[in-house]
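What follows is one structure encoded as structure tokens, with my remarks underneath.
The values are calculated or read from the model by the stated rules, or taken from the named source; none is laboratory data. The structure displayed is predicted, hence computed values, not measured ones. All Cβ positions, even for glycine, are placed from backbone atoms using ideal geometry, and neighbour counts span all protein chains on display. Accessible surface areas use protein heavy atoms only, side chains included; no ligands, DNA or RNA. Shrake-Rupley method; radii C 1.70, N 1.55, O 1.52, S 1.80 Å.
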Amino acid sequence: GVPHCGASLHEPSKALRIELNANANCIWQIQRNANQTIRLIFSHFKFAPSSSCETESIKVFDGPSTASPLLGQVCADTDAVPVLESSSDSLTFLITTNSLAFTRNFFVYYYFFSPGSKTENCGGQLTGPNGTFSSPNYPAPYPQFRYCVWHIQAPKNSKINLEFQDFFLELDRNCQLDFTAVYDGPTTASGLLGKVCGRAQPTFESSSNTMTVVLSTDDTNSYRGFSAQYSTAPLPGPMEPNTTLTCSSDSMRIVLSKSYLASLGFREAHLQLNDPSCRPVVTDSVIFSFPLASCGTIKKDEGHSITYTNTISLAPAGSAITRQRNIEITARCTMSNNETLELIYTTTNNAIQQLAARGRYNVSMAFYESDLFSKPIQYSPYYVDLNQTLFAEVTLHSTDPNLQVFIDTCTASPQPGSGSLTYDLIRSGCNKDDTVVTYPAFENHGRFKFRAFRFLRSFPSVYLQCDVVICDSNTTNSRCARGCISRQKRATSPYTWKTNTVVGPIRLKRDLRAAEHSESLTEVEAEKTPNLQQYNFYTLAFVVLISNILIVVAVILKHRKHHVGYSYQNVQNS
């Protein structure tokens, strides 16, 4: 449900879906008489547009009131999935909003736990140029209320490539329940590369030799989890000391070395983005990490790609440098089909540097029970009846709210890869199967329905593979706005950003029933057919029985012979 403004909570665990409007000042207090601590997870938060920490925030206090020590703060530009832990059995959080008329949404859950217990024994340290790890109990379902953290440290001057070979977590729209979060650095404060749930095969790349991976689970549904492997590659030598840029579906991350800034005569205190309120995190390096559509980032539709651009202005440390030159670093993320990260440096006389990188949007697809698209199908394979209506949704996981998902092509095939026999459902935005119905664009989702097709009669399993186009919703002549394109016009309609996603397999229920019937027949036959040991026992018992009968018959015959002879002798004597 949607709780009112604030509450006093005493349950051992609870999930809260909170909606607040303008001028809210609400306090939630969690307390329970238990020798345990509290883990509080803000798995989704949406503040008013352009809000700052000064006007809107979530403040978490380590104790029973807002007078307790401040444990942490969550704002619109928080580039992480905030997880906070109390030092005792009480915790308080305060949500304040500004005067802007806007509906804020938050999803938070908490649970009590015992630090150092066996249930907390997961995650760990991973070192070396490559390695593997998996969720607890994999491939069996992962346990509930787990928070596992893996810290990966590779050799110096290398970057980490992380690949999830198998990934199956509980699916929900904003990955609020069970999720995996990947951070670009040694801790969860290093900048979020992405948050994933459901069924996917995500990949991530770090900007340095460290990476942090988190698995968080609640108490509802559990699935087989994930199996992951990482490898390393050398960082570009001459460019690494200056700046690096990493682009993901959710965020932009810029890393500047202190030595490079010092060589220009600047300190980390003299830095700002287009939005001066966005400040860097200073560790061994100076790091800007922020959601794509925040901090004054400028978005532009380039036809075949979408670019996000922001500028770091370096306020000089001395007036002499101010008179000599104005130094800026322009960071540009291009979301394109190419997964390769490119670093492009250009230096001009006025010392303006441009840093560019390529990134990919994170897209997933799932089946749902109905056209409400509220309950995803969590099991695999998905068994259906012939002519049953199936509901499919493609979701773009991005912090940019002004993106539109357009389903360009969807095909069914007996294999998840390309090159096999296919059946067209949608081609170039045009419905090719007469049962296909496409829903209007909704936020970052593309939706359609269709009936289980005759294709299922010929193959035991069918996979659905879709090519998805992502456009800026503010661009009126984009590929998404043009809809169905005929064969003649196809070449003149460039896409903005295109990727593909696969879901399946789909199988017929009659195959499931046939398999179950065959299995039950096998069991019945096994019950009817005695084993060899039983057969030998019955044979031996039969032989013994026949032997006993023969002995009894022989005794009877002998007795009768003796009796008959005795009677005959008596007759003769008479």
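Quick notes
- Residues within the stretch 388-412 that are polar (S, T, N, Q) and either in contact with a helix residue (DSSP H, G or I) (Cβ under 7 Å, 6 or more places away or on another chain) or at pLDDT below 85 (or both), tallied: 4
- One residue from F102, F145, F133 being more than 18 Å from Y183 (Cα to Cα) and not assigned by the TED database to the domain that holds S43: F145
- Taken over the stretch 103-156, the criterion of being surrounded by 17 or more Cβ atoms within 10 Å (Cβ to Cβ), over 18 Å from the mean Cα position of the chain (by Cα) and part of a loop (DSSP other than H, G, I, E, B) is satisfied by C122, A154.
- So E19, is it of a type in the set (D, E) and modelled with pLDDT under 90: no
- Of all residues in the stretch 19-49 being under 29 Å from the mean Cα position of the chain (by Cα) and among the basic types (K, R), the one that is surrounded by the fewest Cβ atoms within 10 Å (Cβ to Cβ): K46
- So L386, is it in contact with a Leu (Cβ under 7 Å, 6 or more places away or on another chain), aliphatic (A, V, I, L, M) and either open to solvent by 10 Å² or more (accessible area, probe 1.4 Å) or part of a loop (DSSP other than H, G, I, E, B) (or both): yes
- Listed by first and then second residue, the pairs linking a residue in the stretch 323-334 that is under 20 Å from A293 (Cβ atoms) to a residue that is hydroxyl-bearing (S, T, Y) and modelled with pLDDT of 80 or more, with Cβ atoms under 6 Å apart and 6 or more places separating them unless they lie on different chains, are T330/T311; R332/T307; R332/T309; C333/Y308; T334/T307.
- Cβ separations smaller than 6 Å between residues 6+ apart or across chains give the following pairs from the stretch 167-190 residues that are within 20 Å of G225 (Cβ to Cβ) and part of a strand (DSSP E or B) to residues that are open to solvent by less than 40 Å² (accessible area, probe 1.4 Å) and among the small types (G, A, S): F167/A200; F179/S216; V182/G194; Y183/S190.
- Subset of the stretch 436-455 [hydrophobic (A, V, I, L, M, F, W, C) and assigned to a loop (DSSP other than H, G, I, E, B)]: V436, A441, A452, F453
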